[in-house]
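Participant: I have a structure here, written as structure tokens, and I will follow up with some questions on it.
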Amino acid sequence: MKQKFTRWFYILTHENGWLRSIAETTADLNNFSIVTSATGMLKNKDMDNVQSPEEVYQKIAKGGLLFIIGSFSALLIQFIFGIVMIRFLSTEDFGLISLSLTIIQVLAMISVLGMDTAVPRYIGKTQGSAPPSGKHRDTTFTVITLVLASSVILSIFLSASAPFVASLFRKPALSWILSVFALMLTPLALIQIFTALFRGWGDAKAKTIFQDMMQHLIRLLLLMIAVYLHYDLQGVVWIYVAAVWCTFLLYLVYTYRKLIGKIGFGFCADTAKKMIRFALPLLGAGIVTNLTTWVGTLTLGFITSSETVGIFNAPLRLTNIIPIPLMALIFIYLPEATRMVAGHHTERLKQLYVSTTKWAFFLTLPFILFFIIDAEFIVQRLFGEKYYASINILQVMSIGLSFHTFLGPNGMTLVAFGHSRSIFISAAIASIISILFCYWLIPPYGAIGATFSVVIGKVTSNIFLSMVLYQNYRIHPFAGHYIKPLLPVSLIALCMIAFVRLFAGDHLMVHCMVFLVSGGLVLLSPFITGALTHHDVAILSSLEKRITGQNRLSDRLAAKAPAADYS
């Protein structure tokens, strides 16, 4: 039996396994290295080991492409799952699920103790020291032990306090849902830690296979079975728990096989103290930052009905697309930025920041414009008439989330410089503003009031972070080659509005063509306006090489690309 399981798992995740094959479609995973090879920019002056700018941008492109594939694959599965669930459940039941998941997300983040952000940076710093300290060998077992203990304690606490939480929100059905969801708190926390460890040692495929794809695929397959068997809300709740546990067990075997040679199995109290001391500010910042998002659902659940919670959360299934390009590049950007900071290469970091922001924003723009301009058609076609009130929520939330992408990875850049305190302060200010606006706007305006509250908090946070980053290091994204293509994008947006209002009607193919044509023009705008630099070409060259095996287009662009002004 053991041999059969081992063979099945090996086929699934190794060699020619189908999940791995998906991830390898556009990236050579056998030679892929992201994070800590990136974070090893040496604190000493050994410049022989310093990578060239082209190598850095190619690594960003390779890792970002893999992340985007994994994230969009996961998002597609999540999206299908969400649509089926929204259609399958009543608005009230969907609201209860959304509220329960928000509570679980809060507790899962607390149980991780901030290690999901701290571990990659800690491993990068230990590998970047001269000579290598080897301290990262003690990190894995210590971190897993800490997170395991905290998640088990919180799981027991949630199970015991579920009736009280249900009475607090005045929703009796919430009690049994939280009691069941408490069972998945520990595996959720450990899945995040496994991903953080692989991120620290330069392996992106683990996140792609397990956290991005497998978990959501299992959940979707189980939901299809539940729909076929006519299960109700109870079946959907157990589907969430079963999918998380299946993913965790497979991920555990994979982690053991891959990291067995890189870890020690002794708990190191000194390492634990250092990790906790560094991670706690990040945990606080993470909680307060996400509170800006959570506060909408939590406050709606506390003040209004479950139906209103469902109306607020339905369009979030769509707006989750918006941060993915920036998240994809940040996944690789943080260790690269840490490496440059350790090597005192601030000017190179400025260049990396602008290029990262530029491509993240232009990859996001087609979706932003589509969600804002064609929101009515999208909501009615996907969610149905009962979610008509979600139209304005989709538009406002799209604008708010796009603001972060427009300003770039300001928070993660400050993390690379060690400014955890600034991140915490900014997140605290944003959360306080969001909470105040929620209690001001939700009673009279309901779900749309919660949306404006969340957006105001996020915009405030990003402005503050960008101001701190510029004041201390003169880093900002507003180079000429970033701003220049925005003029044709504005014209494209006006044309989209006119066409949708006058000609689109209720024809699905027409709306799809509007999205594809306008999206293609937006992506071409940096090329049309001559806003490419040699750093942009380095990214495009890596992508073209991996997709086509050649560099014909990027070689032509390289001859025309000017040196950029990053002042």
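Participant: Please tell me if Met85 is within 26 Å of Val143 (Cβ to Cβ) and at pLDDT 80 or above.
Facilitator: No, not satisfied.
Participant: Report yes if Ala447 is buried (at least 23 other Cβ atoms within 10 Å of the Cβ) and either under 26 Å from Val415 (Cα atoms) or modelled with pLDDT of 90 or more (or both), otherwise no. Working first, answer last.
Facilitator: Details: buried (at least 23 other Cβ atoms within 10 Å of the Cβ): yes; either under 26 Å from Val415 (Cα atoms) or modelled with pLDDT of 90 or more (or both): yes.
So Ala447 fits the description; yes.
Participant: For His476, which of the numbered conditions (1) assigned to a helix (DSSP H, G or I); (2) under 19 Å from Phe361 (Cα atoms) fails to hold?
Facilitator: Answer for His476: the failing condition is (1).
Participant: Hey, another quick one. Among Thr299, Thr308, Thr289, which is the only one that is at pLDDT below 90, of a type in the set (Ser, Thr, Tyr), under 30 Å from Ala447 (Cα atoms) and part of a helix (DSSP H, G or I)? Please lay out each step first, then the result.
Facilitator: Numbers: Thr299 fails: at pLDDT below 90; Thr308 fails: at pLDDT below 90.
One residue alone meets the criteria, Thr289.
Participant: Give me a count of the residues in the range 416-442 that are surrounded by 24 or more Cβ atoms within 10 Å (Cβ to Cβ) and aliphatic (A, V, I, L, M).
Facilitator: 4
Participant: Which of the residues spanning the range 381-394 are part of a helix (DSSP H, G or I) and surrounded by 20 or more Cβ atoms within 10 Å (Cβ to Cβ)?
Facilitator: Tyr387, Ser390, Ile393, Leu394
Participant: If you don't mind, another one. In the set Asn462, Asn410, which member is under 27 Å from Leu318 (Cβ atoms), buried (at least 24 other Cβ atoms within 10 Å of the Cβ) and under 23 Å from the mean Cα position of the chain (by Cα)?
Facilitator: Values: Asn462 fails: buried (at least 24 other Cβ atoms within 10 Å of the Cβ).
Result of the check over Asn462, Asn410: Asn410.
Participant: Select from the range 216-246 the residues that are of a type in the set (A, V, I, L, M, F, W, C) and in a loop (DSSP other than H, G, I, E, B) and list them in ascending order.
Facilitator: The initial filter retains those residues of the range 216-246 that are of a type in the set (A, V, I, L, M, F, W, C), namely 217-218, 220-227, 229, 233, 236-239, 241-246.
Selection gives Leu229 alone.
Participant: Now a separate question. Name, by its number, the condition in (1) under 12 Å from Val459 (Cα atoms); (2) free of Cβ contacts under 8 Å to residues at least 24 places away in the same chain that does not hold for Phe403.
Facilitator: Just one mismatch for Phe403, condition (2).
Participant: Output the residue which, of all residues in the range 316-360 that are basic (Lys, Arg) and crowded, with 24+ Cβ neighbours inside 10 Å, is farthest from Leu282 (Cα to Cα).
Facilitator: Ranking the qualifying residues of the range 316-360, first place goes to Lys358.
Participant: Sticking with this one: Working carefully through the options Ala130, Ala108, Ala118, find the one that is in a helix (DSSP H, G or I) and modelled with pLDDT under 90.
Facilitator: Values: Ala130 fails: in a helix (DSSP H, G or I); Ala108 fails: modelled with pLDDT under 90.
Result of the check over Ala130, Ala108, Ala118: Ala118.
Participant: Using the structure shown, decide if Ser155 is at pLDDT 90 or above and in contact with a Pro (Cβ under 6 Å, 6 or more places away or on another chain). Talk me through it step by step, then tell me what you get.
Facilitator: On the way: at pLDDT 90 or above: yes; in contact with a Pro (Cβ under 6 Å, 6 or more places away or on another chain): no.
So Ser155 fails the test.
Participant: Just checking, does the range 323-339 include any residue being outside any helix (DSSP H, G or I) and out of contact with any Gly (no Cβ under 9 Å at 6 or more places or on another chain)?
Facilitator: Of the range 323-339, the ones outside any helix (DSSP H, G or I) are 323.
Going one step further and asking which of them are out of contact with any Gly (no Cβ under 9 Å at 6 or more places or on another chain), we end up with 323.
Yes; the residues of the range 323-339 include at least one that is outside any helix (DSSP H, G or I) and out of contact with any Gly (no Cβ under 9 Å at 6 or more places or on another chain).
The values are calculated or read from the model by the stated rules, or taken from the named source; none is laboratory data. This one's a predicted model, so the numbers in the text were calculated from it and none came from an experiment. Glycine gets a Cβ as well: all are built from the backbone with ideal geometry, and neighbour counts include every protein chain shown.
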